There are 2 protein chains.
Amino acid sequence: MDEPEALRRLSEVVPNAGDDAAVVDGLIVTTDMLHETTDFPDGTTAYTAGWRAVGASLSDIAAMGGVPVAAVAVYGVPAFEWDEVSAFVDGAQAVCAQVGSEYVGGDLDSHKEFTTATTAVGRADEPVRRSGATPGEIVCVTGTLGRSAVALELFERGETERANQLFQFTPRTAAGQTLRTYATAMMDSSDGLARSLYQLGDASDCGFAIETPLPLDDRIGEVADSPEQRLEHGLHFGEDFELVCTLPEEAVTQASAELSVPLTPIGKVTESSVTLDGELLPDRGYSH
Amino acid sequence: MDEPEALRRLSEVVPNAGDDAAVVDGLIVTTDMLHETTDFPDGTTAYTAGWRAVGASLSDIAAMGGVPVAAVAVYGVPAFEWDEVSAFVDGAQAVCAQVGSEYVGGDLDSHKEFTTATTAVGRADEPVRRSGATPGEIVCVTGTLGRSAVALELFERGETERANQLFQFTPRTAAGQTLRTYATAMMDSSDGLARSLYQLGDASDCGFAIETPLPLDDRIGEVADSPEQRLEHGLHFGEDFELVCTLPEEAVTQASAELSVPLTPIGKVTESSVTLDGELLPDRGYSH
């Protein structure tokens with residue numbers, strides 16, 4: 001059984017699962033595990049790993065429109081090097097500070113492979129789910145897409161300093177809280193825009209008609225020569241941790257005005273199927 | 001650098017760390033990572049693993065006197081077998097249900113070795129810390145000691161059914177909430193009674209004069225022939241997840257009357273050093 005299928009079956013037995021985070025008693029709780037071979041390219045610093053791992057959990061809080069309260073992490077490695085542990089914690093604290101949350105520690109574990117498990121806790125009385133989109137509404141994305149695709153290419157080229165900087169993304173918790181007032185459905189784009197649209201469509205029982213151009217990262221030209229390649233990165237790479245949301249057409253201007261990050265309308269909510277410029281968009285993401 | 005030293009240094013840079021759980025904004029958050037080679041003996045079922053891993057985090061909530069609200073887990077294995085995933089979740093749900101908490105899901109991860117990271121969240125406006133013990137007070141322990149030592153021996157003998165049952169402990173969250181009114185310092189006994197006393201002593205700047213007999217599990221005779229062996233298991237084995245707490249002498253009777261588990265006075269809080277029947281108790285635990 002592959003991971004998506006196991007996750008799908010899990011969501012049937014754990015009623016509270018199946019969204020970006022679980023909601024219980026006014027609290028939002030989300031947890032993720034990342035490890036060296038699949039999530040951290042060669043050249044990723046411990047500071048960036050701490051930032052990114054904790055940031056990914058904070059992004060899940062953002063995706064529900066929650067106010068982040070605290071984050072914890074378990075840091076598992078074969079042998080503890082204080083410089084590395086300390087840099088990981090510095091990165092974790094930095095990303096928490098950036099969103100007004102608090103890094104409150106965690107645990108250490110001796111582990112064969114570098115493995116980190118992060119958990120974030122937030123508050124939201126009325127969290128935004130994936131399930132509220134209605135045909136006729138507008139689908140939007142915050143920020144730009146393709147940043148992590150650029151970073152990965154830079155890691156491969158050995159340009160690790162810039163790559164690490166790009167990997168230190170800002171979780172969209174402030175945007176999420178603003179969008180909570182307007183969005184009918186929301187999630188983060190961690191599995192790529194295309195996968196996110198399919199997941200929103202599944203949860204809301206709707207489709208999407210997406211129109212180019214998409215808001216792509218300015219630097220994407222550095223790693224993708226053709227327009228097709230650039231679009232591929234923007235649609236399918238993922239790990240950008242932007243918010244994908246739906247809202248009534250009349251709310252878009254007001255929401256944009258209140259946000260400190262760009263909010264780009266990329267299409268409309270439809271009855272079924274996900275299309276890009278009128279053609280079926282493949283349900284394909286980057287498998288992390 | 002070994003794990004205790006790294007944890008000690010971590011507690012200097014993460015001000016909120018260093019207790020059984022972190023406290024922020026009325027919430028208690030705790031996270032742990034367990035994995036196959038060190039935490040789950042051969043014969044441990046996935047159900048027991050889910051119970052025990054989530055139970056360990058709930059025990060940290062208990063140790064602060066908190067009300068458990070929710071728990072999550074990440075389940076990492078090389079390949080997903082639905083029967084195993086499902087049994088793990090059943091165990092996690094069962095231990096949460098037993099303490100009135102809710103298992104709200106988590107994440108799956110492909111991982112070389114079975115690894116689980118669990119997080120529990122609770123509430124407590126005035127959590128009990130490790131740091132409030134004062135000389136003259138009484139030190140007590142809930143329940144009995146040595147249960148996990150018995151379980152481990154049974155696993156080694158291949159008596160896995162009984163061993164699994166013994167491994168499914170009840171987190172002392174109800175006792176913790178009652179003791180919150182009376183206890184001046186509290187923690188759980190996961191590293192063994194001896195280590196717990198040293199940690200309480202460090203945090204409270206005090207010592208303890210412990211007197212035998214200790215409340216040992218009835219079944220400990222099955223795995224330890226001599227009184228010395230039985231005492232060794234009770235003092236140093238750990239993983240029993242009982243509560244060790246200090247309280248004023250006049251409160252012991254009242255606290256005992258309100259608890260539905262036994263509360264046994266085992267000695268007094270002193271100015272310094274930890275002794276057993278007048279002799280220095282080694283600061284030695286079971287390294288997990």
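Here are the numbers for the structure shown:
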item	result
For residue B:165, label point 7 Å along C-beta direction: distances to other copies, nm	6.3
For residue A:225, inter-copy label distances in nm, listed shortest first [label point 7 Å out on the Cα-Cβ vector]	7.8
Cβ-based net charge around residue A:26, under 11 Å, with every Lys or Arg adding one and every Asp or Glu removing one	-1
Between region B:203-258 and region A:229-265, the alpha-carbon center distance in angstrom	58
Calculated from backbone phi, Karplus (6.51, -1.76, 1.60) coupling profile of region A:44-56 in Hz, x at Gly/Pro	5, 7, 5, 4, 5, 4, x, 4, 6, 5, 5, x, 4
Test item: Cα-centred dipole of region A:56-141, Lys/Arg +1 and Asp/Glu -1 on Cβ, debye	360
Nearest-20 debye value, region A:3-123 charge dipole, Cβ charges on Lys, Arg, Asp, Glu	320
Radius ratio Rg over Rh of region A:174-288, counting only Cα atoms, Kirkwood formula for Rh	0.95
Rough spin-label spacing in nm, given labels placed 7 Å along Cα→Cβ, for residue A:134 and residue B:280	7.5
Cα centroid separation, region A:131-155 to region B:98-115 (Å)	28
Relative contact order of region A:3-123, defined on C-alpha pairs under 8 angstrom at six or more residues apart (%)	36
For region A:1-70, radius of gyration divided by Kirkwood radius, i.e. Rg to Rh on alpha-carbons	1.03
Max mean-square fluctuation residue, GNM over chain B, Cα-Cα springs under 10 Å, options B:121, B:89, B:77	B:77
Loop GluC sites (Glu not before Pro), region A:39-135 (other Cβ atoms within 10 Å of the site Cβ: 13 or fewer; DSSP)	A:81
Computed lengthening from residue A:229 to residue A:82, 0.36 nm per intervening residue step minus Cα-Cα distance	48.8 nm
Rel. contact order, % - alpha carbon contacts under 8 angstrom, at least six apart, chain B	23
The protein assembly as shown - Kirkwood radius from inverse mean 1/r over Cα pairs (Å)	24.7
Max mean-square fluctuation residue, GNM over chain A, Cα-Cα springs under 10 Å, options A:128, A:14, A:54	A:14
Computed over region A:3-123, the ratio Rg/Rh where both radii use C-alpha atoms and Rh is Kirkwood	0.99
Residue A:250 paired with residue B:2, simple spin-label distance in nm, labels 7 Å along Cα-to-beta-carbon	6.9
Cα-based equivalent ellipsoid, chain A: semi-axes from gyration tensor eigenvalues, Å	29, 22, 18
Inter-copy separations for residue B:257, label at 7 Å along Cα-Cβ, nm, ascending	6.6
Net charge of Cβ neighbours under 14 Å - reference residue B:186; Lys, Arg +1; Asp, Glu -1	-3
Unit Cα scatterers, Debye sum, region B:92-243: log10 I(q)/I(0) for q = 0.11 Å⁻¹	-0.53
Formal net charge of residues neighbouring residue B:259 (Cβ-Cβ distance under 14 Å; K, R +1; D, E -1)	0
Rough spin-label spacing in nm, given labels placed 7 Å along Cα→Cβ, for residue B:11 and residue B:38	1.8
Nearest 10 degrees, 0 to 90: helix B:193-204 Cα axis against chain B principal axis	60
Length-normalised contact order for region A:138-280 - Cα pairs under 8 Å, 6+ apart - percent	46
With Cα atoms, 0 to 90° folded angle of helix B:82-98 axis to chain B main axis	30
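Computed from the coordinates by the stated procedures, all read-outs in this text should not be read as laboratory data. Keep in mind that what you see is a predicted model, and the values were worked out from it rather than measured. Reconstructed Cβ throughout: ideal geometry from the backbone, glycine too, with neighbour counts over all protein chains shown.
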